[in-house]
Amino acid sequence: MKIVSIKTPLSKDAVKDLNAGDEIYLSGTIYTARDAAHKKLEDLIKRGKRVPLNLKDAVIYYAGPTPPPPRRVIGSCGPTTSSRMDPFTPVLIELGMRGMIGKGARSVEVKKAIKKHGCVYFLATGGIGALLSTKVKSAKAILFKDLGPEAIYKLEVKDFPLIVGIDSKGKDLYEKAKRKK
Amino acid sequence: MREIDVAKIKDAVRELCLKANFELRKDVLMAIKSALKKEANKRSRGILKSIIENARLAKKKRLAICQDTGMVLVNLDIGQDVILVGGDLKKAVNEGVRQAYYKGCLRKSVVDDPFLRKNTNTNTPCITSIDIVEGDKVKIDVSPKGFGSENKSEIRMFRPTASIGEIKNFISEVVKKAGPDACPPLVLGIGIGGTFETAAALAKKALLRPIDKANPKKHIRKLEKEIAKEINALGIGPMGLGGEITVLGVNILEAPTHIAALPVAVNVSCHVTRSAGTIL
């Protein structure tokens, strides 16, 4: 296990040496999207419309933050359960998405797509959203603003603490944890 | 008879919502600290430490402990000698929730309809559960429940002759299926007996009991301890990445039931198990 700092956007090259279990600090731009936003993106893709978000080498964070209290850029903002996004994920990977941040295991289809396209799935610790908010330097709702907390937010993060959950080779940290037991 | 203005209940609900979302329950925090002492795995220790640091920061800065500030359940035990004045009780309770979620910058996570799914932008309606009890007081318990763990809850109607072993297996299976998604280490609220819906309601109510407070019934207390031991032996650990502690507490509430039945409901709750209460 090694601890490294990486910056977005994430090229295929930038993630190829990350291994499941590595602890990393992520800096740069990431985008939040959870259930309703995924559904909307899927609808646009299905109807052959342009996706109003450049997914190339992008990192999507499965999160719906609390509103910012006075003098803060964002409220609490930890990860939500990733598996709910599984049905929408392979198509976003096809469109160039490189990284995902969430909590919990992923489907076989998602793992296959991660391996095929050299992507990476990061785990953030759930239930520590206040602490994680200190790593967010700016936040702006940029898409689907009518969804409120489920809008797509553009976040600038600095040293956001993550663990590699599934690496670009398809290795899954949860599988490793199960085997160790 | 004693008059209580529903505006007082509204104010209490508002303050309790804020307290529950900003201040991790003492019993839960203590259990996490004691889990840290037992945990050897370096990564799991790091996760537990960050949970403790998060609780400290949330309380100090009045930030939500978790961004899923939940759907709010308000339990009211109303004394039969109380006369409620000043308007509609349920409206007052919902107004308390609305004010808290607006004022406290808490996330509005409630949609108006399970299919149409339009956010109400107020985090209301809340779930209001009312019981009439003896006396002239109103007891209020507020629990904002996150859905990462709520989604993993299950109920099963067992045969009345089912063994304790079968029931324990079911509960272990629920925890295994929940895995990392429910944000372990967990608190389990378990309702046993009654009817289909009372078992579920009891499971939720069981979460209100401080996890360091022993169950007054000896045979239930024994069962709680056995379940906790078996689940911790699963090795799921903090955030499902392995470790000694998978449950912080197992709380059971039981009720009389039918000769044909043994309902068991498991309400899974995360390491941010929240509630706050008061008596007016």
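Each value in this text was obtained by applying a stated rule to the coordinates, not by laboratory testing. All values reported here derive from a predicted model rather than from experimental measurement. Heads up, the Cβs are rebuilt from the backbone with ideal geometry, glycines too, and the neighbour counts pull from every protein chain shown.
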* Can you list the cysteines of chain B that have no other Cys Cβ under 4.7 Å away? -> B:Cys17, B:Cys66, B:Cys105, B:Cys126
* Structure fact -> quick note, the protein assembly as shown, DSSP beta bridge pairs, % antiparallel (nearest 5) is 55
* **Fluctuation leader among B:Lys217, B:Lys26, B:Lys168 - chain B, Gaussian network, Cα springs under 10 angstrom** => B:Lys217
* Would you kindly state how much longer the chain becomes between B:Ala162 and B:Ala233 on full extension, computed as 0.36 nm times their sequence separation minus their alpha carbon distance, in nm to one decimal? => 23.2 nm
* How big is the antiparallel share of DSSP beta bridges in chain B, given as a percent to the nearest 5? -> 55
* Taking the Cα centre of the protein assembly as shown as origin, sum charge times position over the Cβ atoms of Lys and Arg (+1) and Asp and Glu (-1), and report the length of that vector in debye to the nearest 20. => 1600
* Structure fact -> Per GNM of chain B with C-alpha springs under 10 angstrom, the most fluctuating residue out of B:Lys49, B:Lys222, B:Lys152 is B:Lys222
* Asked: GNM, chain A, Cα, under 10 Å: largest mean-square fluctuation among A:Gly165, A:Gly21, A:Gly48?
  -> A:Gly48
* Structure fact -> Links exceeding 21 Å between C-alpha atoms in this model, out of B:Lys33/B:Lys204; B:Lys90/B:Lys205; B:Lys33/B:Lys59; B:Lys10/B:Lys145; B:Lys90/B:Lys213, come to B:Lys33/B:Lys204; B:Lys90/B:Lys213
* To do: Determine the shielding of peptide A:83-92 by partner chains: average, over its residues, the number of Cβ atoms on other chains within 10 angstrom of each Cβ.
  => 1
* Cα-Cα pairs above 19 Å in segment B:200-266: how many percent? -> 41
* Return the lysines within reach of A:Lys137: Cα separation strictly under 18 angstrom, same-chain partners fewer than 8 residues apart disregarded; answer none if there are no such residues. => A:Lys7, A:Lys154, A:Lys158, B:Lys61
* Asked: Among residues other than B:Lys213 whose Cβ falls under 13 Å from its Cβ, what is the net charge (Lys/Arg +1, Asp/Glu -1)?
  -> +2
* Structure fact -> Whole-percent tail of the Cα-Cα distance distribution for chain B, cut at 30 Å, equals 32
* To do: On a C-alpha basis, how far is the centre of segment B:212-271 from the centre of segment B:61-91 in Å? Whole number, if you could?
  => 27
* To do: Quick one: pull the percentage of alpha-carbon pairs in segment A:3-180 with a separation above 25 Å.
  => 26
* Inter-chain Cβ neighbour average for residues B:110-118, partner chain, 10 Å -> 1
* **Cleavage-rule hits (trypsin sites (Lys or Arg not before Pro)) in segment A:128-174: DSSP loop, at most 15 neighbouring Cβ within 10 angstrom** => A:Lys169
* Asked: Roughly speaking, what is the stretch gain from B:Asp212 to B:Glu53, that is 0.36 nm per residue apart minus the C-alpha to C-alpha distance, in nm to one decimal?
  -> 55.1 nm
* Equivalent-ellipsoid semi-axes of the protein assembly as shown, from the Cα gyration tensor, Å, largest first -> 37, 27, 20
* Structure fact -> Taking alpha-carbon centroids only, segment A:1-35 lies from segment A:112-164 a number of Å equal to 11
